[in-house]
Amino acid sequence: MGSEIIQKMARQPGIEIQHVSQKYKSASENTLTDINLDIYNTDVFGLLGPNGAGKTTLISILCGIIPPSSGTIRFYNQGVPISDQERKSVIGFVPQEYAFYQELTPRQNLDYFGAMYNIAKAELINRREELLEVLGLSKAADKPVGTFSGGMKRRVNLAIGIIHKPGILFLDEPTVGVDVQSKNAIIRYLQLINKSGTTIIYTSHHMSEAEEFCNRIALIDHGKVIAQGGMKELKMGNDVADLQSLFIKLTGEEYRD
């Protein structure tokens, strides 16, 4: 039995997005219009699009930060539907902005955010030290994060977002502004946790990184899904050699604000 067939058999729903639209009170037009997406538990799923396409709004809805104006979203844990309350403990979010206390050390930040998830003390200590080790932060674990390089701060940001071992992880530009070594280390670790069972939803403007990292993508423009599917099939179907060419072909070359 081929590996692709085995993967399809193992694949279960992670998130189902049906007819989701969003219109802010102050806006004259929808920010999102009739979004329909299926994200599977095995996916590294790229939400890609130009500035202002609606990606941030969609992620905010999926993370429960804002409610949609209409439509339904269903989350699953190992194929079993979960409630909105359960969703909070299942998802993790690593924002583009730094989400930690600059004056605290990595250990202190991880202890603080781990306590917010009610992780038992002994388990939290083990998890904290594991993340410090695998993300190359052990030597600087007791230094204030505000003194760190951009790459180290990105790794602290990631560690905080996954301290509770989320089943579904949202990443917003997780490697922006970091050196090549840090970027490669971050991507390798994310690939590892995906293989271990974490569904990843990823946004970035780095098309080469997205092409290497994601197995499936959705291109969003002007609040609508204009293409979705596997990376290979989308490139073949649009007769392009790479993701950047696909992106330009479907979204155009004009400036975006």
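Laid out as a table, the results:
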item: D_trans [Stokes-Einstein, Kirkwood Rh over alpha-carbon pairs] for region 208-257, 20 °C, 1.002 mPa s, µm² s⁻¹; result: 189 µm²/s
item: Beta bridges by DSSP in the chain, antiparallel share as percent, to the nearest 5; result: 55 percent
item: Rounded to whole Å, sorted largest first: equivalent-ellipsoid semi-axes of region 3-251, Cα gyration tensor; result: 30, 21, 19
item: Gyration tensor verdict on region 1-105 (Cα atoms; rounded if a/c is under 1.5, prolate if a/b is larger than b/c, oblate otherwise); result: oblate
item: Chain lengthening between MET236 and ASP179 when straightened (0.36 nm per residue, less Cα-Cα); result: 17.3 nm
item: SER21-ASP142 FRET efficiency (beta carbon distance; Förster radius 35 Å; 0.05 resolution); result: 0.15
item: Under 14 Å, Cβ to Cβ, from PRO106 - net charge with Lys/Arg +1 and Asp/Glu -1; result: +2
item: 19 Å Cα-Cα reach of LYS139 towards aspartates and glutamates, excluding residues that sit fewer than 8 places from it in its own chain; result: GLU103, ASP111, GLU129, GLU130, ASP179
item: Estimated FRET transfer efficiency when R0 is 25 angstrom, pair ILE125-SER89 (beta carbons, to 0.05); result: 0.80
item: Segment ILE66-ASP38, extension gain: residue separation times 0.36 nm, minus the distance between their alpha carbons; result: 8.1 nm
item: Region 128-257 - convex hull of the alpha-carbon atoms, volume per residue in Å³; result: 132 Å³
item: Greater than 31 Å apart at Cα, pairs in LYS55/LYS232; LYS23/LYS183; LYS183/LYS235; LYS55/LYS143; result: LYS23/LYS183; LYS55/LYS143
item: Relative exposure of GLU86, GLU253, judged by other C-beta atoms within 10 Å (fewest first); result: GLU253, GLU86
item: Residues in region 28-56 reached by a label modelled at ARG11 [backbone nitrogen below 15 Å; 7 Å Cα→Cβ]; result: 37-46
item: Charge sum, other residues only, whose C-beta stays under 14 Å from SER204's C-beta, Lys/Arg counted +1 and Asp/Glu -1; result: -2
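Since every read-out is calculated from the coordinates, none of them should be taken as a lab result. Owing to the predicted nature of the structure, the values given are computational and were not obtained by experimental measurement. Backbone-built Cβ (ideal geometry, glycine too); neighbour counts: all protein chains shown.
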